[in-house]
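The values are calculated or read from the model by the stated rules, or taken from the named source; none is laboratory data. Given the structure is predicted, the values throughout are model-derived calculations rather than measurements. Every residue, glycine as well, gets a Cβ built from its backbone with ideal geometry; the counts of neighbours run over all protein chains shown. Ligands, DNA and RNA are excluded from the accessible area calculation, which covers all protein heavy atoms including side chains. Shrake-Rupley method; radii C 1.70, N 1.55, O 1.52, S 1.80 Å.
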Amino acid sequence: MSSMRALVTGISGQDGAYLARFLLGKGYEVYGTYRRLSTPNFWRLQYLDIFEQVDLIPADLVDAASIMEAINISEPDEVYHLAAQSFVGASFEQPVGAGEITGLGVTRVLEAVRAINPRIRLYQASTSELYGKGNSDYQCEDTPFRPSSPYAAAKLYGYWVTRIYREGYSIFACNGILFNHESPLRGLEFVTRKISNGVAKIALGLETEMRLGNLEARRDWGYAPEYVESMWLMLQQRDPDDYVVSTGETHSVKEFAQRAFEVVGLDWEQYTKVDKRFLRPLDVEHLQGDCTKAREGLGWSPKVKFGELVKIMVDEDLGRWQRWQEGQRFPWDAPNYPSENRILSRTFALDR
Ligand code: NAP
Ligand code: GDD
């Protein structure tokens, strides 16, 4: 029997890399789209030691022809549409780009599927950001959406267009409404990795302080390698549907920082400063997911919870910086990333 073929858009991202590894483990032939940047960004695939095992196809979400080409070349049974401009903060700086890439990009992928092979099963990376500001204590599939950023508004469009292609063209398309999921492969712009990297550097004397924005925001943080399994499970069901994927716990950014400093035996308050440059024009204050439907329908449940997640991330960043200081060289993002304090953006500065 020939093996299943999957196309992962955004294979160079956190979820793309973990999903590729998971699918390879299941015996899939894995294809991935990536952007032709002037400096390629494959460190996650190299870090997981799977770079040689996936086939790469250049494609950009703003370019419909390149997406058609990716589907024509890979002839997939399943498409996992993960590519997006995924940093909420950046969507305030580039709101039109958010609509083009994160919103309309979904339609370009769905149109390519419809035109080339409507039997392809499609996963759409929806998000808990759809719920937005001022929502209920727990959020499930029936909770109303109130997007609070250009990113979330674009994702809401993506969510609905996915449902429209499912109902209108009978395409097997699912929305995974995934709550925040983190890992040592998380991008440095996101608060969890910013903290784990910052704490590791402070513990080793490479930095003296950490500057954060809204410490009161609460998130339902899970572990990314587990979350990508839920994507695959959605596409193995008899019928397409939408599912919330979450841990059911919520913790504040402050708690994350506190726990991260505890891992290295330091007091978070001595090193953490609030810097209004990292406040957003609008922020989501509370996310906490109810994943009963995924638990019962997919047999999926989270195993790694908050305390363990923070420790995994801090330990990994600490180990990386220690190895780096000893002269070891390996694929990794942090040494090349400028301090965020060097980035100028009016969106975040509230002195206007
Ligand atoms: P990520 O690490 O930021 O990865 C995003 C991927 O999209 C990267 O491979 C990036 O390529 C690619 N991309 C960006 N703009 C593109 C464009 N114009 N054309 C083609 N590719 C483009 O994000 P992630 O955390 O893995 O998240 C995966 C997906 O799940 C995203 O859609 C995100 O919005 C969604 N999501 C994430 C979470 C979470 O907590 N992680 C929760 C809910 C939903 P480059 O490497 O070239 O930048
Ligand atoms: N990035 C960042 N940097 N966030 C900070 C900082 C900081 O210095 N200080 C406080 N925060 C707060 C943000 O204001 C937000 O309330 C919270 O920390 C989480 O921010 P991010 O880690 O950037 O993630 P996010 O929740 O906005 O978005 C992530 O999760 C979504 C799912 O809910 C992304 O992965 C999205 O792509 C995803 O859809």
Nearest 10 degrees, 0 to 90: what angle lies between the long axis of helix 224-235 and the longest principal axis of the chain (Cα atoms)? 10
Can you bin every Cα-Cα distance in the range 137-248 into 5 Å intervals starting at zero and give me the percent of pairs per bin, rounded to whole numbers? 2, 9, 15, 19, 19, 14, 9, 6, 4, 2, 1, 0
What are the semi-axes of the equivalent ellipsoid of the chain, taken as the square roots of 5 times the eigenvalues of the Cα gyration tensor, listed largest first and rounded to whole Å? 32, 23, 20
Within the range 163-179, which residues have the backbone N less than 20 Å from the label spot 7 Å out from residue 4 along Cα→beta-carbon, could you tell me? 166, 171-178
So residue 116 and residue 36, fully extended at 0.36 nm per residue minus their Cα-Cα distance, gain in nm 26.4 nm
List, in order, the whole-Hz ³J(HN,Hα) value for each residue of the range 180-193 obtained from phi through the Karplus relation with A = 6.51, B = -1.76, C = 1.60 and θ = phi - 60°; use x for Gly and Pro. 3, 9, 10, 4, x, 9, 4, x, 6, 7, 7, 5, 5, 6
If every Lys and Arg gets +1 and every Asp and Glu gets -1 at its Cβ, then about the Cα centre the range 243-352 yields a dipole, in debye to the nearest 20, of 360
Amide N proximity, the range 7-35 versus residue 75 label position 7 Å along Cα-to-Cβ, cut-off under 16 Å: 7, 29-31
Electrostatic dipole magnitude of the range 42-156 [Cβ: Lys, Arg +1; Asp, Glu -1; Cα centre; debye, to 20]: 380
Nearest 5 is fine: what % of DSSP beta bridges in the chain come out antiparallel, could you say? 5
Under a 5 Å amide H to amide H cut-off, with H placed in plane at 1.01 Å, what residues pair with residue 32 once short-range neighbours are removed? 8, 55, 56, 57
One finds, for residue 339 and residue 262 with R0 = 35 angstrom and r their Cβ-Cβ distance, a FRET efficiency to the nearest 0.05 of 0.90
Say the dipole of the chain comes from +1 at the beta carbon of Lys and Arg and -1 at that of Asp and Glu; which of 234, 265, 339 then lies farthest toward its positive end? 339
Working from Cα positions, state the angle (0 to 90°, nearest 10) between the long axis of helix 64-74 and the longest principal axis of the chain. 70
How high is the relative contact order of the range 185-311, in percent, counting Cα pairs under 8 Å that sit 6 or more residues apart? 37
Probe 1.4 Å, heavy atoms of protein chains only: per residue, the accessible area of the chain in Å² is 44
If I model the range 223-352 as equal point scatterers sitting on the Cα atoms and use the Debye formula, what is log10 I(q)/I(0) at q = 0.14, 0.15 Å⁻¹? -0.95, -1.04
When the accessible area of the chain is split by element with a 1.4 Å probe, what percent falls to carbon and sulfur? 48
Evaluate the range 123-181: find the radius of gyration of its Cα atoms, find its Kirkwood radius, and give the ratio Rg to Rh. 0.98
Ranked from highest to lowest mean number of other Cβ atoms within 10 Å per residue, what is the order of the peptides 147-154, 309-316? 147-154, 309-316
Which percent of Cα pairs goes in each bin when the distances of the range 77-218 are cut into 5 angstrom slices starting at zero? 2, 9, 17, 18, 17, 14, 10, 6, 4, 2, 1, 0
So if we plug the beta-carbon distance of residue 163 and residue 140 into 1/(1 + (r/R0)^6) with R0 = 25 Å, what FRET efficiency do we get, rounded to 0.05? 0.90
Ranking by accessible area, most exposed first, for 129, 29, 308 with a 1.4 Å probe: 308, 29, 129
At a Förster radius of 51 Å, what calculated FRET efficiency corresponds to the Cβ-Cβ distance of residue 238 and residue 207, to the nearest 0.05? 0.50
Could you give the size of the charge dipole of the chain about its Cα centre, using +1 on the Cβ of each K and R and -1 on the Cβ of each D and E, expressed in debye and rounded to the nearest 20? 440
Tail fraction, Cα-Cα pairs, the range 33-87, threshold 18 Å, whole percent: 39
